[in-house]
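Student: Supplied in C-alpha cells, the structure appears directly below.
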Amino acid sequence: MPLPFSAPELSDHVVVCGLGRFGLRIVSLLREQGVAVVAITSPETREDRRVAALDLGAQLLTGDFRFPDTREAARLETARALILATSDDLANLETALDVRGQHPTLCIVMRHSDERLGERLQQDFDLNHVLVPPILAAPHFAEAALAPVPERPHSRKRLAPLRRGRRPYRPDLTQLLLLLVLLFLGGVLVFHKNLNLGYLDAAYFTMTILTTVGFGDFNLQSAPAPVKLFGMLLMFGGVLLLATLSSLLTNYILSGAAQQARAERTARRFRGHVIVCGLGSVGFAIARHLRARNLQVVVVDKTPDDDFFRDLAGRLPTLLGDATRPETLLRAGIRRARAVVASTSSDALNLEIGLTAQALVEELRPEQPLSLVLRCFDPDLARRIHRVSQNYTLLSSAEIAAPIFVEAALHPKTAGVVSETTLEGST
C-alpha cells in the first residue's frame, strides 16, 4: 500500500518512477520547464533525494510503483507521460506492460539496460520509447576523448617519478626452455666424450634420460662415477624442468595468460589510441562506439563483467589489471595514447585513475598532453574540479541521458528511438 498521498487535482503532469540520481535529474529538468511532476519512490530512498525533489516542487508518492493502487494514486489517467527511471529492468517492464493495458494512449518512456532488446520491446509492446542511458552517453564520452587537447603550461618544478611496483619473480617459458636446451647439450657433449657415442646416439641417450623413458639400449652401468653422478643430475633436472614447463604451459593456456599476452602485444603496436578503464555498461558502450568509428581502443579492467569481456576480448585488446597502478597503464600503451577514459562506477576510483595517468604523462611525455575523460556521478565534484583544473573532463551518463528522457516524454512524436540517428542528435 502506498503511504498517504494528497494533492490537488492533477492533469498534464509527468509521473516519474524511481528517485535515484537519474530519476532526480529527470525531475529537476521537468521542473525547470514548469511541468508538474509526481515522483513515486520507495521508503528506502535516501532522505536528501526526497528533500531535493520536494525543494524542486515535485510531489512525492511513497510506495511500490509496480502496484496498481500506487499508480492510481499518481493519477495516471490524467497524466501526460510516465517515465520508468529505475535500474531494475524487470520492474520497469512489468509496470510498462500493466500501464499500457490500462492506459493505451499514455506516453511511456522506459529505461532499459540492453539496447538489443530496446527496439524489440518498443515495437512488440507498443511502448513509446525504450532508452539505454549508457548508449546515449557513449558518443559524448567519445567526443570528449577525441577533442583536441589545448596546450597546457608546463611547470618547471621537477616532479618525483611515480613508484612502480615490482612484479614478483616468476620463471617464464623462455628461461625454462633455455635451461632445458643447455642441459640437453651438456648431456650430449658429456656422453659423446666419455662413452664414445656418436652425436646422434648421445642425443638419443640424453633425451631418454631427460624424459625418463629409457629403453635399456644405453645405460651408465659401466660408466665412470663422475658420469653416473652427472646422469643422476640430468634425470633430476629433466624431471624438474619438464614438470615446471608443463605446469606453466597449462596455466598459460587455461588462465587466459595467452590472451593477455596477445592483448599486450597488440596494445604495444597502437599509436594514438584511446584507453578505456572500466568495463561496465558505460565502458562497454564507449569502447564499442569508438571501435565503430574505426579508432584503436585498449580496454583495462580489474574485474570486468564476464559478458562484456567475452564480447570485446576477441575484437579489442582487453587487459586485466588495476588502472590506478602506473604499470597497468604502461601495459596499455599510455606513452603513445591520445586519451584515457575512466568509466568505472566509482567517482574516487575514476579520479585516482585520472591522477595516475596525468602523473605518468607529465613524467614520460610532458610536451604531449593527454585527453583525460572521467565519469562522474557527483555534479558538485565535477564543478569543483573544472573550476581549478583544465586537465580533466568530467561527464555523467545520467546528466547526458536525462534530457533525452525528458524530451521523449514531453515530445513523443519528435524524440527518436535509440538508434544511430538519436545518438548523433544527442552529441
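The values are calculated or read from the model by the stated rules, or taken from the named source; none is laboratory data. Every value quoted in this text rests on a predicted model; they were computed, and no experiment measured them. For neighbour counting, all protein chains shown are included, and Cβ atoms are generated from backbone atoms with ideal geometry for every residue, glycine included.
Student: Mind telling me which of the residues Arg50, Arg46 ends up being touching a residue at least 24 places away in the same chain (Cβ under 8 Å), more than 19 Å from Phe405 (Cα to Cα) and surrounded by fewer than 19 Cβ atoms within 10 Å (Cβ to Cβ)? Working first, answer last.
Tutor: Numbers: Arg46 fails: touching a residue at least 24 places away in the same chain (Cβ under 8 Å).
Among Arg50, Arg46, only Arg50 is touching a residue at least 24 places away in the same chain (Cβ under 8 Å), more than 19 Å from Phe405 (Cα to Cα) and surrounded by fewer than 19 Cβ atoms within 10 Å (Cβ to Cβ).
Student: Follow-up question, since we're still on this one. Please go through the stretch 270-301 and pick out each residue that is out of contact with any strand residue (DSSP E or B) (no Cβ under 8 Å at 6 or more places or on another chain), at pLDDT 90 or above and part of a helix (DSSP H, G or I).
Tutor: Phe284, Ala285, Arg288, His289, Ala292 - these are the residues of the stretch 270-301 that are out of contact with any strand residue (DSSP E or B) (no Cβ under 8 Å at 6 or more places or on another chain), at pLDDT 90 or above and part of a helix (DSSP H, G or I).
Student: Are there any strands (runs of 3 or more DSSP E) wholly within the stretch 55-132 with 2 or more residues that are over 26 Å from the mean Cα position of the chain (by Cα), and if so which? If you could, list the steps in order and put the result at the bottom.
Tutor: Numbers: elements: 59-62, 81-84, 107-111, 129-131.
Those strands (runs of 3 or more DSSP E) span 59-62, 81-84, 107-111.
Student: Please indicate, with yes or no, whether at least one residue in the stretch 347-357 is touching an Asp or Glu at 6+ places or on another chain (Cβ under 9 Å), touching a residue at least 12 places away in the same chain (Cβ under 8 Å) and of a type outside the set (A, V, I, L, M).
Tutor: yes
Student: What number of residues in the stretch 213-237 are of a type in the set (Val, Ile, Thr), surrounded by 11 or more Cβ atoms within 10 Å (Cβ to Cβ) and outside any helix (DSSP H, G or I)?
Tutor: Going residue by residue through the stretch 213-237, those that are of a type in the set (Val, Ile, Thr) are 213, 227.
From the residues that got through so far, the ones that are surrounded by 11 or more Cβ atoms within 10 Å (Cβ to Cβ) too are 227.
Imposing the further condition that a residue be outside any helix (DSSP H, G or I) reduces the set to none.
Counting residues in the stretch 213-237 that are of a type in the set (Val, Ile, Thr), surrounded by 11 or more Cβ atoms within 10 Å (Cβ to Cβ) and outside any helix (DSSP H, G or I) gives 0.
Student: Right, another one. With Leu210, Leu183, Leu197 as the choices, which residue is at pLDDT below 85, surrounded by 17 or more Cβ atoms within 10 Å (Cβ to Cβ) and in contact with a helix residue (DSSP H, G or I) (Cβ under 6 Å, 6 or more places away or on another chain)? Quick ask: steps written out before the conclusion?
Tutor: Working: Leu183 fails: at pLDDT below 85; Leu197 fails: at pLDDT below 85.
Only one candidate passes the filter, namely Leu210.
Student: Considering only residues that are surrounded by 14 or more Cβ atoms within 10 Å (Cβ to Cβ), out of contact with any strand residue (DSSP E or B) (no Cβ under 8 Å at 6 or more places or on another chain) and within 13 Å of Pro68 (Cβ to Cβ), which ones fall in the stretch 88-102?
Tutor: Passing the criteria: Glu94, Leu97, Asp98.
Student: I'd like to verify a number: residues in the stretch 262-286 that are of a type in the set (A, V, I, L, M), under 13 Å from Ala145 (Cα atoms) and touching a helix residue (DSSP H, G or I) at 6+ places or on another chain (Cβ under 6 Å), how many?
Tutor: Our first condition is that a residue be of a type in the set (A, V, I, L, M); within the stretch 262-286, this holds for 263, 267, 274-276, 279, 282, 285-286.
Narrowing further to those that are under 13 Å from Ala145 (Cα atoms): 274-276, 286.
Going one step further and asking which of them are touching a helix residue (DSSP H, G or I) at 6+ places or on another chain (Cβ under 6 Å), we end up with 274, 276, 286.
Going through the stretch 262-286 one residue at a time, the tally reaches 3.
Student: Please go through the stretch 375-394 and pick out each residue that is more than 15 Å from Ile353 (Cβ to Cβ) and either among the acidic types (Asp, Glu) or assigned to a helix (DSSP H, G or I) (or both).
Tutor: Asp378, Pro379, Asp380, Ala382, Arg383, Arg384, His386, Arg387, Val388 - these are the residues of the stretch 375-394 that are more than 15 Å from Ile353 (Cβ to Cβ) and either among the acidic types (Asp, Glu) or assigned to a helix (DSSP H, G or I) (or both).
Student: Can you go through Leu290, Leu279, Leu320 and tell me which one is more than 9 Å from the chain's Cα centre (by Cα), crowded, with 24+ Cβ neighbours inside 10 Å and not aromatic (Phe, Trp, Tyr)? Break it down stepwise before answering.
Tutor: Working: Leu279 fails: more than 9 Å from the chain's Cα centre (by Cα); Leu320 fails: crowded, with 24+ Cβ neighbours inside 10 Å.
Answer to the check: Leu290.
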